Amino acid sequence: MEAKFEIEEVLQEFPQQIDGWHLALTRTSWNGRKAVLDLRRWNEDYTRMSKGITLLPAEYELLKGGF
């Protein structure tokens, strides 16, 4: 079963990799659910993705604050 997704906002794009895929932090709605912060690699037009991670708002704030 293929996941349905809608990228609501691209928050940060990181430099493109040699293979043409780039890392991006997005607000993405998965399967019609409320949008979450999502970090994963995407192809150029955001139609294919790699495995990634979902961040809770508190986790994102910790990362923003540094270590």
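Taken together, the values in this text are just the output of simple stated rules run on the coordinates, not laboratory data. Being a predicted model, the structure only gives us computed values, none of them experimental. Neighbour counts run over all protein chains shown; Cβ positions are idealised from the backbone, glycine included.
The distance between label points at T47 and L11 comes to 2.7 nm (points 7 Å beyond Cα on the Cα→Cβ vector).
Shape summary of the chain, radius of gyration then Dmax from alpha carbon positions: 12.3, 38 Å. Taking label positions 7 Å along the Cα-Cβ direction at both W30 and L62, the computed distance is 1.9 nm, reported to one decimal.
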